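Worksheet: the structure to be examined is printed underneath.
The values are calculated or read from the model by the stated rules, or taken from the named source; none is laboratory data. Being a predicted model, the structure only gives us computed values, none of them experimental. In this analysis, Cβ positions are derived from the backbone assuming ideal geometry, glycine residues included, and neighbour counts consider all displayed protein chains.
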Amino acid sequence: MSAPTDDRVRDAPFDAALAERYLVYALSTITARSLPDVRDGLKPVQRRLLWAMRLLRLAPDQAFKKSARVVGDVIGKYHPHGDQSVYDALVRLAQDFALRYPLVDGQGNFGNIDGDGAAAMRYTEARLTRAATLLMEDVDDATVPFRPTYNGEEQEPEIFPAAFPNLLANGAQGIAVGMATAIPPHNVAEIADAATLLLDDPKTDLADLLAVMPGPDFPTGGLIVEPRDSILAAYASGRGGFRLRARWHVEELGRGTWAAVVTEIPYGVAKGKLIEQLASLIAEKKLAALEDVRDESDTAIRILIEPKSRNVAPDALMDSLFRLSDLEVRVPLNLNALGPDRAPRVLGLKAVLLAWLNHRRDVMVKRSRHRLAAIADRLELLEGFLAVYLNLDEVIRIIREEEEPKPALMARFALSDRQAEAVLNMRLRALRRLEELEIGRERDRLLAERRRLEGLVGSQAQQTKALKVELAALRREFAPDTALGRRRTSFAEAVAVAPIPKEALVAREPLTVILSAKGWIRAQKGHADLADSSGLKFKEGDELLLWFHADTLDRILLLCPSGRVFTLDAHALPGGRGFGEPVSLMVDWPAGAEVVAAAPLREGARWLLVASDGRGFVAPVSALAAETRKGRQVMTPRAGARLAVAREIAEGDDHLAIIGANRKLLLVPLAEVPEQEKGQGVTLQKYRDGGVSDAITLKFADGLSWRMAGETGRIRTESNLLPWLGARASAGRMAPTGFPRDNRFAQ
């Protein structure tokens, strides 16, 4: 194939071209969409929304305008993206349950905490809040850089002056390419206190900062139950999280009955979905102690939770609900933001506060320099006016007699071009003695202001003092005793609560557990007799392996050939209507491994474990119970061997019967088999070749029974077992006549 001749077509490896373009996309997503700036805490779309609203004069004291008008200006002038995405950003800025300090004052339906969406943009109206105006305060005083908009027709600020600490006050959520940000909201008064400490001493310890700024303050309230050490570590590294619980109290209903009333739910949880979640716990009988859940909310949240029995402790019921529902969530902390150099980085709390203070210091210096330039400009004019007033008659003569009065004025009084122009433009009624005095006073005021600003620009100490004054004013405006400024989220210790008895959590019901050869498990309600399994359905190529009776309060033991034991809760098993679910979805079951045995866990029971090489031991059931998905390694078979037999020892059994693949049977007193919690065990029977086929425990006096061949299902019992009785690790003797050819004992 010939090379392309068009200069616009480049011959390049596909992987290199793809990597180059994906990198451009990734950088665009990180810097221009998903991550906030550490200085003003805004993403580009949020910044453009507020800027467009400012230009539309939507100040807090002005009338509302349609949201559609705002969105139209944003996408037409600054942000050429979809109108719905821009409106969604506007809606979030107006939601008082999403932002701790809303930046948009919305009128109309902007959604609710139930999870309902906002009305269309043509039905809602918006204007700025006081917090938003603080963010943009002094933006016209050359404090921040501007850049051309996407089409070059207008200018937009790259950053806001940010007199309001928006990054920490309102937090941020965003997912970019390969990174994300998750910053919870905080209390402005506490941020101001912490920033003041840093101004006094930039080396202030993080623990001292957390003494005045203890943690997040969510708009929906709730209780933070994260340990203080964990909070300190999270703020130090910029990564971590906070356990956030709903706020609740006990309400007496009379006659000894009670209900738990939830008045605040965790941040980011939709109340409607939470109610559905709690209702599903009742419908699926996952919490038998729970009787009813009712949503009695109006403007305030009120969720009524009734227990099934008044004997259930309120703390125990709520502790279970915290574990099973979103009444408790973990709010992540990932202080990832764009720095002044536009590079993303994860910062600690102290670094975030210092970045904001440095930005405010820079804004203050630039604002002062801008004002100094304006003062110099005004003083120049005032000096010209004063020269006129001192020689008013001469000025009038020049204006009346000279054809070109401007050059004459400049030459006669040493005026600049601007001064002469201002004098010529002066109105006659300004030529009063009173005006001359006012100009002198204005000049004196400006000279004093210039001296102050020059001192401020040249002195870090004065800048620090001015910043502290600003922070004090910010704290007064959002003081803890105001409706908006009060702390809404409290801190509490997650006290250990005695668990509700399992009988209260799960209703006791009989089950029949069914396990297939390919490891699919299910639980059928009731105690069914599945001796005839023809009515059971399995996936193609699968079949019944075993079944047994249990109830919903049981824990099910599963043993695999590697000697590892796993535990499942019977009430959590899938229902018996379908094929069930693979065991590997519930625990870390080895791929392709068969199930050696499965049975309910019985307290105080003992189990016989035998490896394929004839080694084994007796294990207490306490050693078999596993608490995690990874299971518990109980038997460790030797190289080339596997766990072949696992059986619960019946009460009263006193002997072990074991048979090898060579059909030699051996009976050993059970007392000779050691009891241990884990290991390889001891040799139970010796073989020249092959290994164990089956093993069982029995009562010696009852004899040994097995099922006869054929369809009769008759059971034969060998009463005289003395010929096969021997010492442990013996070879044994040939099995009795008629013993099954598959070398399996009767079950």
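Looking at the stretch 524-554, which of the residues that are crowded, with 19+ Cβ neighbours inside 10 Å and touching a Pro at 6+ places or on another chain (Cβ under 7 Å) is farthest from Glu603 (Cα to Cα)?
Across the stretch 524-554, the extreme among qualifying residues is Ala550.
With the requirement that a residue be free of Cβ contacts under 8 Å to residues at least 24 places away in the same chain and in a loop (DSSP other than H, G, I, E, B), what does the stretch 452-486 give you?
Of everything in the stretch 452-486, those that are free of Cβ contacts under 8 Å to residues at least 24 places away in the same chain and in a loop (DSSP other than H, G, I, E, B) turn out to be Ser459, Asp481, Thr482, Ala483, Arg486.
Taking the condition of being part of a strand (DSSP E or B) and in contact with a Pro (Cβ under 7 Å, 6 or more places away or on another chain), how many residues in the stretch 513-522 meet it?
Final tally of qualifying residues: 2.
Against the condition touching a strand residue (DSSP E or B) at 6+ places or on another chain (Cβ under 9 Å), surrounded by fewer than 21 Cβ atoms within 10 Å (Cβ to Cβ), closer than 28 Å to Ala180 by Cβ and at pLDDT 80 or above, how does Gln95 come out, does it pass?
The answer is yes for Gln95.
Residues being in contact (Cβ under 8 Å) with a residue 24 or more places away in the chain, assigned to a loop (DSSP other than H, G, I, E, B) and not small (Gly, Ala, Ser): count how many of those fall in the stretch 718-741.
Number of matching residues: 6.
With the structure loaded, tell me whether Lys406 is part of a helix (DSSP H, G or I) and either in contact with a Cys (Cβ under 9 Å, 6 or more places away or on another chain) or without any contact (Cβ under 8 Å) to a residue 24 or more places away in the chain (or both) or whether it fails that test.
Against the criterion (part of a helix (DSSP H, G or I) and either in contact with a Cys (Cβ under 9 Å, 6 or more places away or on another chain) or without any contact (Cβ under 8 Å) to a residue 24 or more places away in the chain (or both)), Lys406 qualifies.
Looking at (1) closer than 30 Å to Gly222 by Cα; (2) part of a loop (DSSP other than H, G, I, E, B), can you tell me which one Leu135 breaks?
Among (1) closer than 30 Å to Gly222 by Cα; (2) part of a loop (DSSP other than H, G, I, E, B), Leu135 violates only (2).
Taking the condition touching a residue at least 24 places away in the same chain (Cβ under 8 Å), basic (Lys, Arg) and buried (at least 18 other Cβ atoms within 10 Å of the Cβ), does Lys273 pass?
Considered against the rule, which asks whether it is touching a residue at least 24 places away in the same chain (Cβ under 8 Å), basic (Lys, Arg) and buried (at least 18 other Cβ atoms within 10 Å of the Cβ), Lys273 comes out as no.
Of the residues that sit in the stretch 326-369 and are small (Gly, Ala, Ser) and part of a helix (DSSP H, G or I), which one is surrounded by the fewest Cβ atoms within 10 Å (Cβ to Cβ)?
Looking at residues that are small (Gly, Ala, Ser) and part of a helix (DSSP H, G or I), I get Ala351.
Restricting to the stretch 202-237, name every residue that is in a helix (DSSP H, G or I), over 16 Å from the mean Cα position of the chain (by Cα) and surrounded by 20 or more Cβ atoms within 10 Å (Cβ to Cβ).
Within the stretch 202-237, Leu209 is the sole residue that qualifies.
If we scan the stretch 238-250, do we find a residue that is at pLDDT 95 or above and in a helix (DSSP H, G or I)?
No - not one qualifying residue is present in the stretch 238-250.
Which one is farthest from Trp607 (Cα to Cα) among residues in the stretch 664-705 that are among the β-branched types (Val, Ile, Thr) and surrounded by fewer than 17 Cβ atoms within 10 Å (Cβ to Cβ)?
Per the stated criteria, the residue is Thr683.
Among the residues of the stretch 80-127, which ones are part of a loop (DSSP other than H, G, I, E, B), within 21 Å of Leu55 (Cβ to Cβ) and either without any contact (Cβ under 8 Å) to a residue 40 or more places away in the chain or of a type in the set (A, V, I, L, M) (or both)?
His81, Pro102, Leu103, Met121
Within the stretch 596-603, is there a residue that is loosely packed, with under 15 Cβ neighbours inside 10 Å, of a type in the set (Asp, Glu) and assigned to a strand (DSSP E or B)?
No, that holds for no residue.
Let's see how each residue does on (1) more than 28 Å from the chain's Cα centre (by Cα); (2) under 17 Å from Ala337 (Cα atoms):
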position: Asn112; (1), (2): no, no
position: Gly115; (1), (2): no, no
position: Arg122; (1), (2): yes, no
position: Gly152; (1), (2): yes, no
position: Ala162; (1), (2): no, yes
position: Ala176; (1), (2): no, yes
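Conditions (1) in a loop (DSSP other than H, G, I, E, B); (2) aliphatic (A, V, I, L, M); (3) closer than 22 Å to Glu603 by Cα; (4) modelled with pLDDT of 95 or more, marked per residue:
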site	(1), (2), (3), (4)
Ser622	no, no, yes, no
Ala626	yes, yes, yes, no
Ala641	yes, yes, no, no
Ile659	no, yes, no, no
